[in-house]
Amino acid sequence: MTATQVLLTIIVLVVIAAIGYGIWFVTRRRALQHRFGPEYDRAVAERESRLAAERELRERERRHAALELRELEPEARTRYATAWEEIQARFLDDPAGAVRAADTLVTELIAERGYPAGDYEEQVADLSVEHARTLGHYRDAHEISLLSDRGEATTEQLRQAVVHYRALFSDLLGADATPGDPGVPAQRASEAVPHDTTSRS
């Protein structure tokens, strides 16, 4: 083989390797976008670059893989669903108390599923790997809950907080076991429609 042929062979191999790396890189990026959905876009907006955001998301995946997550037993699922109905019924008489109870119940459910229930931001990062589609609701609920703690939330904002908490709550339960609108008695919950029927994607 001549020197020219060797050089051409090396060039071809380099081009093939570059194409292979490009395909691998794009496939990896698309997998992150698919898995994290809106959380991918949020991470990109918050980091100094797309690559930094993707490193953070892959780190979340590694931490998530180390968690010992568990499904709920049927009895626990029923207990949580019943507790949620009680929160919705409580809303008419005590909206702020219902929001506090919803936050507490969601936190308990997060912990029972096996997620660390410590720092809020770490909790959100861990949840984002499998529950990114409803995580925006949880963020909104948390913000309203903070307003409520300061006595600055309106009744409508409190109602929205319960609706937002319910989205993640149902996702963690694995089924839409919490129909209805806050403030609606349990027997009518299946007939109720939340004022905000938009969904996050």
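The values are calculated or read from the model by the stated rules, or taken from the named source; none is laboratory data. Worth saying up front: this structure is predicted, and the values here are computed from it rather than measured. A quick note on method: Cβ atoms are made from the backbone with ideal geometry, for glycine too, and the neighbour counts reach across all protein chains shown.
Quick notes on this one:
- Scope segment 123-148; condition of a type outside the set (S, T, N, Q) and touching a Lys or Arg at 6+ places or on another chain (Cβ under 8 Å); matching residues: VAL124, ALA125, ASP126, VAL129, ALA132, ARG133, GLY136, HIS137
- Condition met for ALA3 (farther than 24 Å from ARG133 by Cα, loosely packed, with under 10 Cβ neighbours inside 10 Å and among the hydrophobic types (A, V, I, L, M, F, W, C)): yes
- Among the candidates ALA132, ALA153, the residue that is within 25 Å of ALA76 (Cα to Cα) and touching a residue at least 12 places away in the same chain (Cβ under 8 Å) is uniquely ALA132.
- Any hit, segment 102-114, residues being part of a loop (DSSP other than H, G, I, E, B), under 26 Å from ILE144 (Cα atoms) and either polar (S, T, N, Q) or within 16 Å of the chain's Cα centre (by Cα) (or both): yes
- Residue match in segment 81-95 (condition: farther than 30 Å from ALA153 by Cβ, at pLDDT 90 or above and part of a loop (DSSP other than H, G, I, E, B)): no
- Looking across ARG100, ARG60, ARG90, ARG79, one residue alone is of a type outside the set (A, V, I, L, M, F, W, C), in contact with a helix residue (DSSP H, G or I) (Cβ under 7 Å, 6 or more places away or on another chain) and in the same structural domain as VAL163 (by TED's automatic domain parsing). It is ARG90.
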